[in-house]
1. Please report, to two decimal places, log10 I(q)/I(0) for chain A at q = 0.09, 0.11, 0.13 Å⁻¹ as given by the Debye formula with identical point scatterers on the Cα atoms and no solvent.
2. What is the range B:302-348 by shape, rounded, prolate or oblate, if you read a ≥ b ≥ c off the alpha carbon gyration tensor as root eigenvalues and call it rounded for a/c under 1.5, prolate for a/b larger than b/c, and oblate otherwise?
3. Compute the distance from the alpha-carbon center of the range B:218-244 to that of the range B:99-132, in whole Å.
4. Out of all DSSP beta bridges in chain A, what portion is antiparallel? Express it as a percent rounded to 5.
5. Taking every pair of distinct Cα atoms and averaging 1/r, then inverting, what Kirkwood hydrodynamic radius in Å comes out for the range B:1-126?
6. If I stretch the segment between B:Leu179 and B:His33 completely, what's the gain in nm (0.36 nm per residue apart, minus their alpha carbon distance), one decimal?
7. Enter the buried accessible area of the A/B pair, total of both sides, probe 1.4 Å, in Å² rounded to the nearest 100.
8. What does the charge add up to near B:Glu167, with Lys and Arg as +1, Asp and Glu as -1, over the other residues with Cβ less than 14 Å from its Cβ?
Amino acid sequence: MTNQEPPEFFEAEQGLIFREPLVFELEERKEGRIPFRNEAVSGAELDIPEEFLRQDLPIPQLTEQQVVRHYTRLSQWNFSVDTGFYPLGSCTMKYNPRVNEEAASLEGFASLHPYAPEEAVQGALALMYELESMLAEITGMHRVTLHPAAGAQAELTGMLMVRAYHRELGTPRKKVLIPDSAHGTNPASCALCGFQVVQVPSDERGLLSPREISARLDQDVAALMLTNPNTLGLFEEHILEITEMVHRAGGLVYCDGANLNALSGVARVGDMGVDLVHMNLHKTFSTPHGGGGPGAGPLGVKAHLEPFLPVPRVSKIGDNFKLQVDFPKSIGRIKAFYGHFGILVRAYTYLLSQGPKGLKEATCKAVLNANYLRVALRDLYHVPYDRLCKHECVFSDRNQARFGVQALDIAKRLMDYGFHPPTIYFPLIVKGALMIEPTESETPETLAKFVEAMRSIAREAKDEPEKVRSAPHLTKLGRLDEVAAARRPVLKAPRTKPPSSHGEPS
Amino acid sequence: MGLYPDEKKQALERMLDFVGASSFEELFREIPHQVRLREDLNLPGPLKEWELLARLGSMASRNLPSPQVVHLLGAGCYNHHVFSATKSLIRRGEFFTAYTPYQPELSQGTLQAMFEFQTYVCRLAGMEVANASMYDGATALAEAILMAQRLKPGRNRVVISGAVHPEYRAVVRTITEPLGLEFIEIEPDSSWETHWEKVEASVTSNTSCLVIQNPNFFGTIEDLEGLQRAGETIHKVEGLFIQVVVETTSLGLLKPPGELGADIFVGEGQPLGLPMSFGGPHLGLLATKEAFLRQMPGRLVGQSHDSKGKRGFVLTLSTREQHIRRERATSNICTNQALCALAMTVQLALLGPLGLKEIAVRSREAARAAMEALAKLQGMIIPQRRIYNEFVVQTPVPPARLNGELLKRGIIGGLDLESFNPAWKGNWLLCCTEKNSPEDIRKLVLALGEVLR
């Protein structure tokens, strides 16, 4: 495309990168304790016997300014969606709208106790009720539970329901079919339910094949767990045939909805024969990733699974909303209270801001952006399944590996160019995988810059492989030794303080 | 594409052309036509930002949050003050729009903060190693029991005090159901304490773990001798002692589980810097001894260094986790509660030991004052001997009726315990925090006086 700009042109800046010790290494300031009512508390009035009381609490006493400066500096070491392009495949790192944050911090939501009287929480229940029906509409399902704390918890919930469903029929089934391209949480969730995982190989086009499913289907298969589009970013073209086949054998179909950003508004998995599907609100529905949570994983189910949904459930009776627990076939409670309400508020706000057309446009743009990257890079990076993809595209490091440059090295070198790396080494069925998901949030200009960076790295792999293998060079820290960390784990700060208060101990 | 201005439209058309599609429709050509949506979804919106805030504001105003009432509810979710500085720091985009720190060179902010969090949990709970969070206290307890099962294969009995939060016990049953465990739940005694003799009698060589909560669901600070004997009993059969702390502000004052014989600590971090938020997101804490590290679920952050020897932090010991071990993982957990863990870390940094002790003492003082005032009212019976910041009142009039009357007077009263267990009918669980002033208690007593007349 354009001519080759030197790497220094790109967005990676060094600038004011502060060093900052651990909070436990800061100089303590006892006078900085935040006062409550300006009265000293001696504890002498406590009528609790001494032996119940702790003798010391070894955490630092600091001023507000010390704390603010400390965590502000830490935050500046993070790359985030707010900082730049974050094309992690399967994570959907789209922009997190600020209005969502404002809505979630409204006092009427943030300072509301879950056990407050029913008449005091009607606004919260109304939001949950409406969100349930919006998500049911988007996925084509009958009922939705908002309880699960994340996708993995939704999978556990769904598989517990699958188990209950078959037991209710008097035919407890022990096996679950899972494609070899599945996310690790899928088999892990099944194992927690006592299911035996049977792996299904993907065909030469990267898809689930009816033949391979059929060969493994029997009366002991409780369910097929699939992802659509799958983790290669490809739409499962045989899905209608497959779901029908599983149903004929008496099994259920669970869809991992991590990739719903490729379908929302365009098609619904509920129309494809799926019986259960979870949604990741922190992916498709713009709630923030938070550095690793909190997320939320609502689960949608078809009518025949409704009786098994967790409790409590939100019902509307006349004009009022109620929380009800009297569902004898329910699998029970899967977490305390009702789910990640604060996250639900954000997703609800997002959906209202988009409307049906906005949701569809986002999906179209996400798919266009992913295909743009595929076409722009296919001459330099190997694309194992080089055809129309959905919202993400999987490349491999095959072309670079012949110069001794691996996916990990490419990922680290991208940091020098000012981009967060894509997902690497997943899905497992592609050796040296690089999964790139741009999302709809990115402009053509950003994508073009990313393409240039990737093309430059491909050249470096050929001409200066050592530069790529020893990357990153421009980040605060060089490549970190993960092997050493695991060999002798140090998982907390030691109790003794070093002499100097602001330098990092050697 | 009606929402895009013309120049954007041209850029999009160029991109479509570049990928060899003549329209957006063509980008979905492999989806079977019979499932392609022909119409827009039936969804509300789009709303402009001011309309959004008006709509959400109106929904929020149909709720009664704690600042608008005299608030006396606890029972697993607590009305403590969250510092402005805590809120403003976790709202930094570099923290909340970042992903899980799989690429450590770009995530040292999150990683160092999580390392600090792990350290804070260990110091608070008196334990040796903590993970980087679980969803909440209830699921953390379920994970702790699964962990005990892995450490004690072949055993299938769990002894659990009935003074552990009922929702926690319910969640544990749901999540562990496939294992077919035998749960022995011991009803609390008449003063809302764990019945230690019955607990000890239930522990057999087939018991994998013993679970208690301290302070318990009813606010009782459990008896030290009882705890000690229970610990000896479970350890004699080489089982594990799991101690749960839900009101974790109590750790500013009371002896921590690590000094009371706990092998696994389970906690709820919400009281330490998270808003109540109608029940979530909250924060599960899990910590244990070094010896059990490899069976502990959840993410772990470890210290490391780069090629120049500079200190840094990385996710470590991932071979326990789902993305490596899949069906043989210790847990299926992927996304956890990182931002909530950050909030607790920041809040603890702001509080320090003096601030946290003060919160604990003030919460307890308020509860004690309320307890003493209510004990003077005709017909109110309070059998507890030793409480933290919650207590149970046996009421002459059904708690539900009291709550109805109090609500009219701007007071959200305590929890009607009958809602959890018919055997607890006529009992009312009240909670106070540092935010309950003497004036609040006067209002409560006045209101109750009117209602009981």
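1. Result of the Debye calculation: -0.77, -1.08, -1.31.
2. On the way: a/c = 3.74, a/b = 1.15, b/c = 3.24.
In terms of gyration-tensor shape, oblate.
3. Here the answer is 28 Å between Cα centres.
4. In chain A, approximately 55 percent of DSSP beta bridges are antiparallel ones.
5. On the way: mean 1/r = 0.0465 Å⁻¹.
Value: 21.5 Å, from the Cα pair sum.
6. Working: separation 146, 0.36 × 146 = 52.56 nm, distance 4.39 nm.
Net length gain for the segment: 48.2 nm.
7. The summed interface area works out to 16400 Å².
8. Net charge around B:Glu167: +1.
The values are calculated or read from the model by the stated rules, or taken from the named source; none is laboratory data. Worth saying up front: this structure is predicted, and the values here are computed from it rather than measured. Positions of Cβ are backbone-derived with ideal geometry, glycine not excepted, and every protein chain shown enters the neighbour counts. Side chains included, ligands, DNA and RNA excluded: accessible areas come from the protein's heavy atoms. Shrake-Rupley method; radii C 1.70, N 1.55, O 1.52, S 1.80 Å.
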